[in-house]
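The values are calculated or read from the model by the stated rules, or taken from the named source; none is laboratory data. All values reported here derive from a predicted model rather than from experimental measurement. Glycine gets a Cβ as well: all are built from the backbone with ideal geometry, and neighbour counts include every protein chain shown.
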Amino acid sequence: MGFVSPASDYVERRLNPEDLLTTDQSRIVETGTGYAVIEPVTKLSQGQVLLILSGGYTQFAKLQGRSLITDDGEAIEGEAMEEVEVMGRVTFFINRAREDDSPI
């Protein structure tokens, strides 16, 4: 019949960003151009990039004054802010190395 190859003892699993970049409190989210490392928000500060849940969709938004500015330039403010759930604070964006449009 055959035998089990001893090489299978030396097979390592493939490295992924979650193993390398996350801590007990952080997590990683795959984006269209790579990954984003997300940590819990303890205190909101101006200029922070946040992962938010709004209208059933997750998106990134920057805190500016009393409003959130999304990637497409839309401002979420006033009563619309009541429907927004902040999922966490983005600490790093990691671009894929294969992307020619964003080599850095």
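I need the full set of residues from region 20-33 which are in contact with a strand residue (DSSP E or B) (Cβ under 7 Å, 6 or more places away or on another chain) and either loosely packed, with under 11 Cβ neighbours inside 10 Å or in contact (Cβ under 8 Å) with a residue 12 or more places away in the chain (or both), in order please.
Selection gives 21, 22, 25, 26, 27, 29, 33.
With region 33-104 as the region, which strands (runs of 3 or more DSSP E) entirely inside it contain at least 3 residues that are of a type in the set (Val, Ile, Thr)?
85-95
Quick one: in region 35-83, of everything that is β-branched (Val, Ile, Thr) and within 26 Å of residue 24 (Cα to Cα), which residue is surrounded by the most Cβ atoms within 10 Å (Cβ to Cβ)?
My answer is 38.
Within region 34-84, restricting attention to residues that are at positive phi and touching a strand residue (DSSP E or B) at 6+ places or on another chain (Cβ under 7 Å), which residue is modelled with the highest pLDDT?
47
So, in region 20-51, how many residues would count as being touching a Ser or Thr at 6+ places or on another chain (Cβ under 7 Å) and hydrophobic (A, V, I, L, M, F, W, C)?
Qualifying residue count for the region: 4.
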